[in-house]
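The values are calculated or read from the model by the stated rules, or taken from the named source; none is laboratory data. Everything numeric in this text was worked out from a predicted model, so none of it was measured. Cβ sites come from the backbone with ideal geometry, for glycine too, and all protein chains shown count toward neighbours. To get the accessible areas, we keep the full protein, side chains included, count just its heavy atoms, and leave off ligands, DNA and RNA. Shrake-Rupley method; radii C 1.70, N 1.55, O 1.52, S 1.80 Å.
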Amino acid sequence: MKGAFGGGLAIIGIPVLSLVMDPIAAGALLAPLFVLMDAVALYYWRPKTWSKIDLALLIPSLAIGTAIGFMLMKVVDPHGFAILIALITLAFTGLWFRGGGRIVRQPRSKAKAIVAGTASGISSMMAHSGGPPVAMYLLPLGLPKVVYAGTSSSFFAAGNLMKVAPWLALARPGAELWTLMALCLPLIPLGVWSGFRLHERLDQRQLYRVCYALLALTAVKLLWDGLRGYGAF
């Protein structure tokens, strides 16, 4: 996912691992691995592939949102927040597919960038779902597929660096978790390389269709998690 799409849609890791382990332990397991994945991904998505005008607004907003999300975790129900993000994302993707899935470039907006970066930081901390808000900002810009992937990759590299220390402090992983991290390490370069090769094979329209489809699936999973938190399933 990081090799093909820059990492913004790779939020299924914690939900999948939560099927077999505690979600906090899953987050602590993935936090350092994400940083290493980002390091490998940035080998492919170098600064020339970044939309720096967007990152200049998104990353400071991401830092603010991450801090806000950390504070809100103590007072706001994360399940309700997950449902809200999911419904907004489903509406966004539904409108795109209803419009025929056309790549129509929309004007850049500083206000939207700040809102998207902040929302991504908040949702990343509270619901492990920082991808949808920033994708909803970047995708309508109609960026070239390489620029979209590179910008997403650098954005989430910054976000994962911000979160790795809090996650490790929260979970305090033991020897078993560190061993599991070590076993995962050799697969990181292979995974990112495979994703990059997939990215090369997709044309602009195919890539955007895949991104929007994965965004919709992510929203459905987020909605399921939120409703399940209230005992609906």
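Conditions tested, residue by residue: (1) farther than 21 Å from MET162 by Cβ; (2) open to solvent by 60 Å² or more (accessible area, probe 1.4 Å).
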| residue | (1), (2) |
| --- | --- |
| ILE24 | no, yes |
| ALA31 | no, no |
| ASP38 | no, no |
| LYS48 | yes, yes |
| ALA63 | no, no |
| THR66 | no, no |
| ALA86 | yes, no |
| THR89 | yes, no |
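Of the conditions (1) modelled with pLDDT under 80; (2) within 27 Å of ILE88 (Cα to Cα), VAL220 clears all except one; give me its number.
(1)
Which pairs turn up if I take residues in the range 77-98 that are more than 11 Å from PRO132 (Cβ to Cβ) and look for partners that are part of a helix (DSSP H, G or I) and hydroxyl-bearing (Ser, Thr, Tyr) with beta carbon separation below 8 Å, at least 6 apart in sequence or on another chain?
PHE81/SER123; TRP96/TYR212; PHE97/TYR212
Which pairs do you get when a residue that is under 17 Å from LEU95 (Cβ atoms), found in the range 203-214, comes within reach of a residue that is outside any helix (DSSP H, G or I) and open to solvent by 50 Å² or more (accessible area, probe 1.4 Å), reach meaning Cβ atoms under 7 angstrom, with the pair 6+ apart or on two chains?
Going by the 7 Å Cβ cut-off, the qualifying pairs are TYR208/ILE103.
MET125: crowded, with 24+ Cβ neighbours inside 10 Å and among the aliphatic types (A, V, I, L, M), yes or no?
Yes, satisfied.
From TRP167, TRP178, TRP193, which residue is without any contact (Cβ under 8 Å) to a residue 60 or more places away in the chain and open to solvent by 10 Å² or more (accessible area, probe 1.4 Å)?
The match here is TRP178.
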